[in-house]
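As structure tokens, the structure follows; a few thoughts come after it.
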């Protein structure tokens, strides 16, 4: 009987040790190199509720600007005890690492990629895809595209390459909310923004969606998927979660387990569909592979990183 009790207590102890939620602090800072309203913010808000139901308080910290540099520095200066995590885009991460000259994040897991669309204002000559293509090929100087993520630059360079044309003028914005506002006000002819942001604006008649792209089949039927016009189109940008470099392996394992549980949850799947986010889950090796590909694309298109 005594041996049975001891075995039972050891089992309970092992279960307690295996609980990832007991390996991390009760209060967690979630760094985002973007402003409110972004697809990262949408993921954060769902993840926050998921964690709250498990007794963990996750607090969002918005650090937009400088291609993720501000957010990366904040992560590097953070404790390695599991109390701070960051979600970033693969291209942003490569730029931050290149600019700072050192590893800026320990990738844990990718979550997927956002549906992205090109928007313009109603009545614009560019609201028809074919008209926009003609304008780009003719080097129309009025074609100016608002962007808020380096992945947008890569996409527009890819489009120029596929069309055998020169790259268009790109106008930087801190957030898709800002670029959308300027498109609606007709101060900017075009902008690349997340589909989940654009859909409500389109449904309200404030903007017109010219075309869209994203991982898998997340572009709805009423939006022109650019892969129908350019079958070789590649959507390379992914979002992923990571911790500060040098974080203890036990903390990394705990967070990896938590993230996998969140991403496997049926409610998460439904939520991702609702916000037009294509799930693409992979571990550190996969994330690093995508970051390397994004880096190669940035070099290929001579995107400024200094």
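Can you name the residue in the range 59-81 that is touching a strand residue (DSSP E or B) at 6+ places or on another chain (Cβ under 7 Å) and within 27 Å of residue 272 (Cα to Cα) and is also surrounded by the fewest Cβ atoms within 10 Å (Cβ to Cβ) among such residues?
59
Residue by residue, here is whether (1) under 30 Å from residue 186 (Cβ atoms); (2) in the same structural domain as residue 128 (by TED's automatic domain parsing); (3) modelled with pLDDT of 90 or more; (4) buried (at least 21 other Cβ atoms within 10 Å of the Cβ) holds:
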position: 218; (1), (2), (3), (4): yes, no, no, yes
position: 221; (1), (2), (3), (4): yes, no, yes, no
position: 248; (1), (2), (3), (4): no, no, yes, no
position: 258; (1), (2), (3), (4): no, no, yes, yes
position: 282; (1), (2), (3), (4): no, no, yes, no
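Within the group 286, 301, which residue is under 18 Å from the mean Cα position of the chain (by Cα) and either exposed (fewer than 15 other Cβ atoms within 10 Å of the Cβ) or touching a residue at least 24 places away in the same chain (Cβ under 8 Å) (or both)?
One residue alone meets the criteria, 286.
Which helices (runs of 4 or more DSSP H) does the range 115-200 wholly contain that include 3 or more residues that are modelled with pLDDT of 95 or more?
Where helices (runs of 4 or more DSSP H) fall fully within the range 115-200 and carry at least 3 residues being modelled with pLDDT of 95 or more, they are 129-137, 176-184.
Name the one entry in 98, 111, 120 that is over 15 Å from the mean Cα position of the chain (by Cα), surrounded by 15 or more Cβ atoms within 10 Å (Cβ to Cβ), closer than 22 Å to residue 286 by Cβ and touching a residue at least 40 places away in the same chain (Cβ under 8 Å).
The match here is 98.
Hey, among the residues in the range 82-95 that are buried (at least 18 other Cβ atoms within 10 Å of the Cβ) and closer than 20 Å to residue 24 by Cβ, which one's farthest from the chain's Cα centre (by Cα)?
Step by step, filter the range 82-95, then rank; the result is 82.
Quick check, is residue 24 within 20 Å of residue 106 (Cα to Cα) and either at pLDDT 95 or above or assigned to a helix (DSSP H, G or I) (or both)?
Yes; evaluated as a whole, the condition is true for this residue.
Of the residues that sit in the range 152-177 and are closer than 18 Å to residue 35 by Cα and buried (at least 18 other Cβ atoms within 10 Å of the Cβ), which one is farthest from the chain's Cα centre (by Cα)?
For the range 152-177, the residue satisfying everything is 173.
Here's the yes/no breakdown for (1) touching a strand residue (DSSP E or B) at 6+ places or on another chain (Cβ under 6 Å); (2) modelled with pLDDT of 90 or more; (3) surrounded by 19 or more Cβ atoms within 10 Å (Cβ to Cβ):
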position	(1), (2), (3)
11	no, no, no
20	no, yes, yes
36	no, no, no
40	yes, yes, yes
45	no, yes, no
52	no, yes, no
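Restricting to the range 89-114, what's the tally of residues that are assigned to a strand (DSSP E or B) and at pLDDT below 95?
4
The values are calculated or read from the model by the stated rules, or taken from the named source; none is laboratory data. Since the structure is predicted, the reported quantities are computational estimates derived from the model, not experimental observations. Don't worry about glycine lacking a Cβ; one is built from the backbone with ideal geometry, like all the others, and counts go over all protein chains shown.
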